[in-house]
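Heads up, the thing below is written out as structure tokens.
The values are calculated or read from the model by the stated rules, or taken from the named source; none is laboratory data. From a predicted model like this one, the values you see are computed outputs, not experimental measurements. Cβ placement follows ideal geometry from the backbone for every residue including glycine, while neighbour counts extend to all protein chains displayed. The protein model used for the area step is the full one, side chains on, heavy atoms only, and it has no ligands, DNA or RNA in it. Shrake-Rupley method; radii C 1.70, N 1.55, O 1.52, S 1.80 Å.
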Amino acid sequence: MPVFTRFSESPQPGDGVSEAEVGKTEGGDGGEDDGAQAATPDPAPAASRFTHLRTWRTHHPRAARALNLATTALAAVLVVGALLLPNTLPALKAAGFARIPAEAVLGAVVVLALPRRPRLAAAVLYGLGLTALTTVNLLDMGFNEYLGRGFNAALDWDLLPDAQAYVEDTLGAGVATAAAVGAVVLVLLVAAVMVAASVRLAEVLARHRVRASKGALIAGTAWVACSALGLTLFGGPIASERGAGALKVHAQRTVESLRDEAAFVEESKADTFGNTPPGELLPDLRGKDVIFTFIESYGRSAIEDPIMAPGVDRTLDSSTGALKKAGFDARSGWLTSATYGGSSWLGHSTTMSGLWIDNQRRYRTVSAGDHLTLTKAFRKTGAWDTVGVMPGVQKGWPEEKWYGLDKVYDAFDLGYQGPKFSWSTMPDQYALEAFQRRVHGKKRDKPLMSFVILTSSHQPWAPIPKTVGWDELGDGSVFDAIQKAGNKAADVITDTTKSREEYGKSIQYSVTSLTQWLERYGTDDTVLVFLGDHQPIARVSGNHASRDVPVSIVAKDPKVLDKVADWKWTQGLRPDHDAPVWRMSSFRDRFLKAFGSTPHPSRG
């Protein structure tokens, strides 16, 4: 840092001194132009603080010069590296940095044209710009790795507290706090380093103005030539605009998100079934106990990926056979989820509302209104009691009103006394048994519509519960030994292959728990609709995986499945690869129409 002070206080043309006077000073600090090293005394008024450093430089001129050159080279590497840093981990390769960044050339031209004080201000702003660029690129890497998309500055800040809560539940409060503090410290450190590097380079360029001007001219000419000729190296253009392009993309993404929010407000007011009278909603399901169940992270990859599919497919096929023996039949297809890798509530709300809810602002907008959800349609008829079973909810959940649920059973209402399984508060088998004891198995005046969210297949897929005898579940304490013997979350998170294997096992567990529950407690009037909310994270499903999730309808009454015969879904619980694929937002209207509902649109 003392070196920066000396540079910043050297006279420059335009500072009231001549070019010749500047030349006298240039040889005294590093001697880059003439190869000589002079021990020019530091003119700074506060030079007493740097007495030891000046003495060391005087007695060790070669080492001082080497340190100056090394520091300058490091500053250049940091600046150029930040300008060329990609926003995905697969693109993070040494060959990607063999480029000429336009932003570096333009930055050099600007600082060479400015007098000292404006030059320092420009260098500081440039360093802060590099900090912003580096931060959004690192955020993009994380979001692409886990959610299969880039970071959105207009929408995604709300997800950061959820990410911290997930780390706390998975790895402990200490790790979560350390990660949050570490992230803040990292940003501040990047800012300090980038500003220091920018100031360093700005002052070096100004001290060697003639050579720097020639170098900038050569680099600029080379950039223009490479751009005009479309020259590439290692699979990418030599003339790079990566830094400016990345910031432009994020700016456009932010603007588009804000515009989208305004448009979605109007879209959510219109509803195909918004004015449908209660008597014309779902007449063909009257008298049936209907259960909508989401299995966490249950995606197409579970059924088709070579690592996960064999075990999951065996489970689906054996469960289809077991249900067949119990009198149930099933039809299955695919839905393209509005989310990926996380934010499960976006998948839930998209399925139930018939609107494409792919970000938090859309979710807040629609859940604060009165748009008709599929679950609310059951309640509106007056022919069903409606209930939610949410073992993942551990705080107030005002959305229950929007979903149209008479009662919600959260993590504290199901009587569980066993251990948590990483993020999941309780095993799916226990949650389903508690649902049976407290709700489904009780006598009532009306049939029941249930909205059930299963959580055992939530990442990090360690430890995973094991199925026990249904009569042994008790208060859940039976899972103590299973949880202790399971894998540690930290061991699975850091191993991609292990994550994929354990993910597949978690889906097998969830599907088995649900289908065994149906075999055990399902009746002639039970209709089960179960599906995934989204694909697992990109590190498990792959960087180019689809957004598709399986969806199945299971019932004993053949008339129920006859109503969806024209959907052309696959028989059984495992949808064929080429089974119909619909957008998740289309499910609500298709379901309502299939079971006799009459459209009466509302226009908002």
**Message:** Helix-only estimate, please: 222 nm mean residue ellipticity of the chain, summing -39500 (n - 2.57) across DSSP H runs of length 4 or more and dividing by its residues, to the nearest 500.
**Reply:** -16000 deg cm²/dmol
**Item:** Along principal axes, Cα extents of the stretch 544-591, largest first, whole Å
**Value:** 39, 23, 15
**Item:** Angle between the chain longest axis and helix 159-171 axis [Cα atoms, degrees, rounded to 10]
**Value:** 80
**Message:** Can you give me the C-alpha center-to-center distance between the stretch 72-134 and the stretch 476-549, rounded to a whole angstrom?
**Reply:** 45
**Prompt:** the stretch 375-414 to the stretch 304-350: how many Å between their Cα centroids?
**Reply:** 23
**Complete:** Helix 209-229 sits off the longest principal axis of the Cα atoms of the chain, rounded to the nearest 10 on a 0 to 90 degree scale, by 40
**Fill in**
Rounded to the nearest whole number, the Stokes-Einstein translational diffusion coefficient of the stretch 464-586 at 20 °C and 1.002 mPa s (Kirkwood radius, C-alpha pairs) in µm²/s is 124
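Please report, as a whole percent, how much of the solvent-accessible surface of the stretch 415-553 comes from carbon and sulfur atoms (probe radius 1.4 Å). Kindly include the intermediate steps, with their values, before the conclusion.
Details: 2200 of 5000 Å².
Whole-percent figure for carbon plus sulfur exposure: 44.
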**Message:** Among A64, Y430, A411, whose Cα projects farthest towards the positive end of the dipole of the chain, with charges put on the beta-carbon of Lys, Arg (+1) and Asp, Glu (-1)?
**Reply:** A64
**Item:** Accessible surface of E145 - all protein chains present, 1.4 Å probe, nearest 10 Å²
**Value:** 40
**Prompt:** What figure in square angstrom, to the nearest 10, would you give for the accessible area of K593 with a 1.4 Å probe?
**Reply:** 120
**Request:** Evaluate 2.2 N^0.38 Å with N set to the residue count of the stretch 276-388, then give the Cα radius of gyration divided by it.
**Result:** 1.29
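Could you rank L258, L159, L125 by how accessible they are, 1.4 Å probe, largest area first?
Descending accessible area places them as L125, L258, L159.
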**Fill in**
Between the residues A173, A98, P118, the Cα farthest towards the positive end of the dipole of the stretch 92-176, that dipole coming from +1 and -1 charges on the beta-carbon of Lys, Arg, Asp and Glu, is from P118
**Message:** Please state the shape class of the stretch 359-473: rounded when a/c is under 1.5, otherwise prolate if a/b exceeds b/c and oblate if not, all from the C-alpha gyration tensor.
**Reply:** oblate
**Request:** Identify the residues of the stretch 261-285 with backbone N under 16 Å of a label point that sits 7 angstrom from the Cα of D566 along the Cα-to-Cβ direction, or state none.
**Result:** 284
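With the Cα gyration tensor of the stretch 235-276 giving a ≥ b ≥ c as the square roots of its eigenvalues, does the rule (a/c under 1.5 for rounded; else a/b larger than b/c for prolate; else oblate) give rounded, prolate or oblate?
Judged from the Cα gyration tensor, the stretch 235-276 comes out prolate (a/c at least 1.5, a/b above b/c).
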**Message:** Can you compute the charge dipole magnitude of the chain about its Cα centre, using +1 on each Lys and Arg Cβ and -1 on each Asp and Glu Cβ, nothing else charged? Give it in debye, rounded to the nearest 20.
**Reply:** 680
**Complete:** Listed by chain and number, the residues whose amide H is under 5 Å from that of L233, excluding neighbours fewer than 5 places away on the same chain and using placed H, are I238
**Fill in**
Ordered by number, the trypsin sites (Lys or Arg not before Pro) in the stretch 72-138 that occupy a DSSP loop and have at most 14 other Cβ atoms within 10 Å are K93
**Asked** Taking only the alpha carbons of the stretch 72-170, what extent do you get along each of the three principal axes, in Å, biggest first?
**Response** 53, 32, 22
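If you average the sequence gap of Cα pairs under 8 Å that are 6 or more apart and divide by the length of the stretch 354-467, what percent do you get for the contact order?
It comes to 29 percent, rounded to a whole number.
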**Request:** Can you spot the aspartates and glutamates whose alpha carbon is less than 14 Å from K288's alpha carbon? Ignore those fewer than 8 places along the same chain.
**Result:** D385, D445, D524, D525, D557
**Asked** With every protein chain kept in the model, how would you rank K443, K505 by accessible area, 1.4 Å probe, largest at the top?
**Response** K443, K505
**Item:** Segment A95-E266, length gained on full extension (0.36 nm per residue, minus Cα span)
**Value:** 56.8 nm
**Complete:** Quotient of Cα radius of gyration and Kirkwood radius for the chain, i.e. Rg/Rh, equals 1.12
**Per-residue SASA entry for V77, accessible area with 1.4 Å probe, Å² rounded to 10** = 100
**Between helix 242-267 and the chain: long-axis angle, C-alpha atoms, 0 to 90°, nearest 10** = 30
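Arranged from highest to lowest average of other beta-carbon atoms within 10 Å per residue, in what order do the peptides 382-392, 233-243 appear?
382-392, 233-243
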**Complete:** Along the dipole axis of the chain (charges at Cβ: +1 for Lys and Arg, -1 for Asp and Glu; origin at the Cα centre), the most positive-end residue among G341, T381, V77 is V77
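With all protein chains present and a 1.4 Å probe, how do I357, I482 order by accessible area, largest first? Intermediate results must be reported in sequence, preceding the final value.
On the way: I357 0, I482 30 Å².
Most to least solvent-accessible, the answer reads I482, I357.
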